[in-house]
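Presented below is the structure to which this report refers.
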Amino acid sequence: MTAQKKNKLVRRLFVWGGSLAILTLIIVSLMPKPQPADFATVERGPLQVTIDEEGETRVRDRYRVSAPHAGRVLRIELEPGDVVIAEETVLATFQPSDPVLLDARSRAEAQARVGAARAAVGRVEADLERTRAELRFSEAELGRYRKLAAQEIVSQERLEQAELEHDTKVKAVNAAEFSARAATHDLAVARASLVEAGSETAVAANEPIALRSPVSGTVLRRLRESEAVVPAGEPLLEVADPQRMEIVSDLLSTDAVRVKPGQKVLVERWGGDRPLQAVVRRVEPYGYTKISALGVEEQRVNVVMDFEDSQEAWEALGDGYRVEVRIVIWEQSDVVRVPTSSLFRSGERWAVYVADAGVAHLREVDIGQRNGLHAQVLAGLEPGQTIIIHPSDAVADDVKVEQRGS
């Protein structure tokens, strides 16, 4: 072969090689590139569905002490937080004004108020006896259930329900005792209204009156401090027992229908280093309209909860403190779950993208309970499978995917 033919052959090979390289680059550039994506693993674990809302602490039994008559109240030395003892601690000293002469109509009204107050005392005393009888019956029932539970004749759940009923009866007796004390004070006030000016009783009634605390506890608020002439019924102080604390939260009515007494509650962001345990005691039957921060009318329902932790755990909380509550409406300790960010709608069903060997596959799934982070998978996935979270519009069935940032 001559040198000229060799040079021509080399030039042809060079041209063919360049064309082949260009063709290869074109083919490679036209091939679809793997789409970047974030991955997660289908796993088994606990799942808890809660209703989250702000709440507020409040004492269960609040007593507002008021001036029994028009007159002068001396300076009140007690301050908020001071400890008071029922029927012993003097909350305020009151100097009543001279009583006025009663005409026939006023006297009849005063006598009627005394009769009504006496009837109220009888009613609350009867309620007290009834609640005490119910408590005795509840104690006997609880004793029987404890014996049956020890013999495994009744379930632990039924025993806990009996204990809850017993605790409720104890609190009902306490409330009835407080009501009886209040009714007795009301009767004394009604009788004092029959005192007329000039009578021996009036002279005695004009002596300073020591207003004593109706309950053992602390002073919540001092509504008046300085000495002053006040009308009848003027609020002076508020006292309460801080050990009888509860939580109230106003839920949307659509959430309140899912809440039942006895459900567990987690109390968070109250200022302590761990969540507190509580339980739903009552869902109030009355809803009311509340204007939200965005100016939207909402129907709200109050849900009342009791602390389950000992008082030492929450004793730093006072009346009117802000907390956040999570009412547990459903939970299981072992379910197949996926992040909610991996779910999307495919027609009428939920679906996810399963990543297998670098390729995305559309998979329809059946979803059960879910919260803001995870969802329960009833069918369609198995633990250990890799799925795509936050899939973009570029991800589709049979599209190659790769870890974002790789």
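Every number here is computed from the coordinates shown, using simple stated rules; none is lab data. Quick caveat, the model's predicted, so the values are computed rather than measured.
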Completion exercise
For segment 68-73, Karplus-derived ³J(HN,Hα) couplings (6.51, -1.76, 1.60; θ = phi - 60°; whole Hz; x for glycine and proline) come out as x, 9, 6, x, 10, 9
Exercise for the section: Enter the Cα centre distance for the pair segment 321-352 and segment 108-135, rounded to the nearest angstrom. Expected result: 52
Practice task
For segment 136-152, just list the computed ³J(HN,Hα) in residue order, Karplus coefficients 6.51, -1.76 and 1.60, θ = phi - 60°, integers in Hz, with x standing in for Gly and Pro.
Solution key: 4, 5, 5, 5, 5, 4, 4, x, 5, 5, 5, 5, 5, 5, 5, 8, 6
Handout entry: Volume in Å³ per residue [convex hull over Cα atoms, computed for the chain]
Key = 275
Practice task
Name the residues whose placed amide hydrogens come within less than 5 Å of the amide hydrogen of Ile389, ignoring near sequence neighbours (fewer than 5 apart) on the same chain.
Solution key: Asp38, Phe39, Ala40
Completion exercise
Comparing Val395, Val219, Val124 in a Gaussian network model of the chain (Cα, 10 Å), the one with the largest mean-square fluctuation is Val395
Fill in the blank from the handout: Non-local residues with an amide H under 5 Å from the amide H of Gly368, with H modelled 1.01 Å from N and Pro and chain starts lacking one, are Gln376, Val377, Leu378
Practice task
Starting from the amide H of Ser216, placed 1.01 Å from N in the peptide plane, find each other amide H under 5 Å away whose residue is 5 or more places distant or on another chain.
Solution key: Ala86
